[in-house]
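Asker: One structure follows; several queries about it will come next.
The values are calculated or read from the model by the stated rules, or taken from the named source; none is laboratory data. Computed from a prediction, not measured in an experiment: that's the story for all the values here. Virtual Cβ from ideal backbone geometry, glycine too; neighbours counted across all protein chains shown.
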Amino acid sequence: MDRVCHLLVVDDEEGPRESLRLIFKDDYRITIASSGAMALERLRTEKFDVAILDIRMPDMTGLELLEQLRLVDPAIEVVMLTAFETPEYLRKALRLRACEYLNKPFDIKNIRMVVTAAMERRASHREEQENLSRLAEIREQVQQLRVKEETMRSRWEIYASIIHDINGPLTIISGLVQLVNQRLNQEASLYAEDLDLMKDRMKRVTRQVTNCIEISRRYLKLLNPTSGENGKVWVNHILVDLGDLVRSLPDARGHELQIKPLPKDALVLVNGTDLIQMLLNLTLNALQSSRECHLVQVCGEVIHKPLDLSLFNDGPSDRFINRDGFHNVTPLLALSVMDTGPGISPQILERLFEPFFSYNQATERRSGLGLCIVMRLLKENRGGLHLHTEQGRGAVITLYLPARLSGPDPLRTPLQAASPHIS
């Protein structure tokens, strides 16, 4: 054994004490106590592996001392000695987990064998505890590595999201700048209508540059969060920007895109960049649902009653996202993205919002990082999302977000907002 084992001998008679000290002095570190009280005093300052206790002592019996030892160190190995063995003492000693019960006068060979076995059990138990402690440390280190890995993975997703999200505004900026350059190159001089067109294009460029700045600020905030304040934006303004974004992308070609503004504009209590990113990803997903020409429609309305969430049951055709985190307080803005594509199969619906989940079949809806971004932004803004699909008839995804009215709006029911007709 690497460390010196510690043996405690407790006996009120000097003869047995000295005999045991002589037997084990070359094998273990030995502490002698002539009473139970002295033994307890030693226990307050020293750690023992094995204790040899005499049962009959005047101040405290060996069994009473054994009870006290178990309270101080439940793992200590205890050997009982007595010259007056009785069944009652034996039963109580076994109940208190004494490892052996020997009679006086003891046989030297026998007591050596008993104490050696007790020391080995104690060493085995100590090694087991050390292994458990090391295992706990390893588990803690593994957990810390997992947390670090998850942090790095989240940061990687943020970097990927920056590239993914900023690509749309940059595409519009590039397209608008090309249009301006073409007009400038084609015209020897500019007329009033040309200047108006240029001004409009440059306003749109400025707006998309602002979007890029907001995207970078938002993700920098995620990497180094300072506050959780939400913004607010006019919905129809966002819908105009959405139209500019989507119509400039290759995925919109060959399909019919309808973006309908609200009859009366409303403020949505969400950062404008968050909102346009959610709508953009949902719209692109709808456009990608089929290579065949199909309709994609984006529309919205204000809801004046809290949603009855019992009506939104997850199943093979329906799914509600962020049910527990949804702040279901009116007024709510319902923004729906509907398509007349092939619909979503139940197997795909279960995994649709997983990161990088995709299918290559032309008849299946494709998904990647976009829908994962939608779900993250939705949860950050305490919104809800309902998806309804029918095989062969398309799908409708409706965002429910906190809003503020700019004036009275017509009252409609949540079900009308949740499941517009698919044609």
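Asker: Do the conditions hold for Leu295, that is, is it at pLDDT below 95 and surrounded by 15 or more Cβ atoms within 10 Å (Cβ to Cβ)?
Answerer: no
Yes/no matrix, rows are residues, columns are (1) in contact with a helix residue (DSSP H, G or I) (Cβ under 8 Å, 6 or more places away or on another chain); (2) surrounded by 15 or more Cβ atoms within 10 Å (Cβ to Cβ); (3) more than 27 Å from Ser124 (Cβ to Cβ); (4) not polar (S, T, N, Q):
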| site | (1), (2), (3), (4) |
| --- | --- |
| Arg3 | no, no, no, yes |
| Phe24 | yes, yes, no, yes |
| Ser35 | no, yes, yes, no |
| Thr45 | no, no, no, no |
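Asker: Given (1) under 19 Å from Asp11 (Cα atoms); (2) assigned by TED's automatic domain parsing to the domain that holds Leu20; (3) modelled with pLDDT of 75 or more, where does Val115 come up short, assuming only one miss?
Answerer: Of the numbered conditions (1) under 19 Å from Asp11 (Cα atoms); (2) assigned by TED's automatic domain parsing to the domain that holds Leu20; (3) modelled with pLDDT of 75 or more, the odd one out for Val115 is (2).
Asker: Search the range 37-50 for residues being touching a residue at least 12 places away in the same chain (Cβ under 8 Å) and of a type in the set (Asp, Glu), and hand back the single one that is farthest from Val114 (Cα to Cα).
Answerer: Glu46
Asker: Could you check Leu71 against (1) assigned to a helix (DSSP H, G or I); (2) surrounded by 15 or more Cβ atoms within 10 Å (Cβ to Cβ) and say which number it fails?
Answerer: It fails just one condition, (2).
Asker: Sort through Thr171, Thr151 and tell me the only one that's more than 24 Å from the chain's Cα centre (by Cα), among the hydroxyl-bearing types (Ser, Thr, Tyr), part of a helix (DSSP H, G or I) and at pLDDT below 80.
Answerer: Sole residue among the options that is more than 24 Å from the chain's Cα centre (by Cα), among the hydroxyl-bearing types (Ser, Thr, Tyr), part of a helix (DSSP H, G or I) and at pLDDT below 80: Thr171.
Asker: Enumerate the pairs (first residue in the range 22-36 and acidic (Asp, Glu); second residue anywhere and outside any loop (DSSP other than H, G, I, E, B)) with beta-carbon separation below 6 Å, excluding pairs fewer than 6 apart on the same chain, so at least 6 apart or on different chains.
Answerer: Once the first residue is acidic (Asp, Glu) and sits in the range 22-36, no partner that is outside any loop (DSSP other than H, G, I, E, B) comes close enough.
Asker: Here are the criteria: (1) hydrophobic (A, V, I, L, M, F, W, C); (2) closer than 25 Å to Pro169 by Cα; (3) touching a strand residue (DSSP E or B) at 6+ places or on another chain (Cβ under 6 Å). Tell me which single one Ile321 does not satisfy.
Answerer: Evaluating Ile321 over (1) hydrophobic (A, V, I, L, M, F, W, C); (2) closer than 25 Å to Pro169 by Cα; (3) touching a strand residue (DSSP E or B) at 6+ places or on another chain (Cβ under 6 Å) leaves (2) as the failure.
Rundown of residues vs (1) touching a strand residue (DSSP E or B) at 6+ places or on another chain (Cβ under 7 Å); (2) under 23 Å from Lys104 (Cα atoms); (3) modelled with pLDDT of 85 or more, yes/no style:
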{"position": "Asp2", "(1), (2), (3)": "no, no, no"}
{"position": "Leu7", "(1), (2), (3)": "yes, yes, yes"}
{"position": "Val10", "(1), (2), (3)": "yes, yes, yes"}
{"position": "Arg21", "(1), (2), (3)": "yes, yes, yes"}
{"position": "Tyr28", "(1), (2), (3)": "yes, yes, yes"}
{"position": "Leu40", "(1), (2), (3)": "no, no, yes"}
{"position": "Arg44", "(1), (2), (3)": "no, no, no"}
{"position": "Ile52", "(1), (2), (3)": "yes, yes, yes"}
{"position": "Asp59", "(1), (2), (3)": "no, yes, no"}
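One line per residue, one yes/no per condition, for (1) at pLDDT 70 or above; (2) under 30 Å from Glu301 (Cα atoms); (3) assigned to a helix (DSSP H, G or I):
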site	(1), (2), (3)
Gln178	yes, no, yes
Leu190	no, no, no
Thr206	yes, yes, yes
Glu214	yes, yes, yes
Arg217	yes, yes, yes
Glu229	no, yes, no
His237	yes, yes, yes
Gly243	yes, yes, yes
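Asker: Looking only at the range 51-66, count how many residues are free of Cβ contacts under 8 Å to residues at least 40 places away in the same chain and either crowded, with 22+ Cβ neighbours inside 10 Å or of a type in the set (Gly, Ala, Ser) (or both).
Answerer: 2
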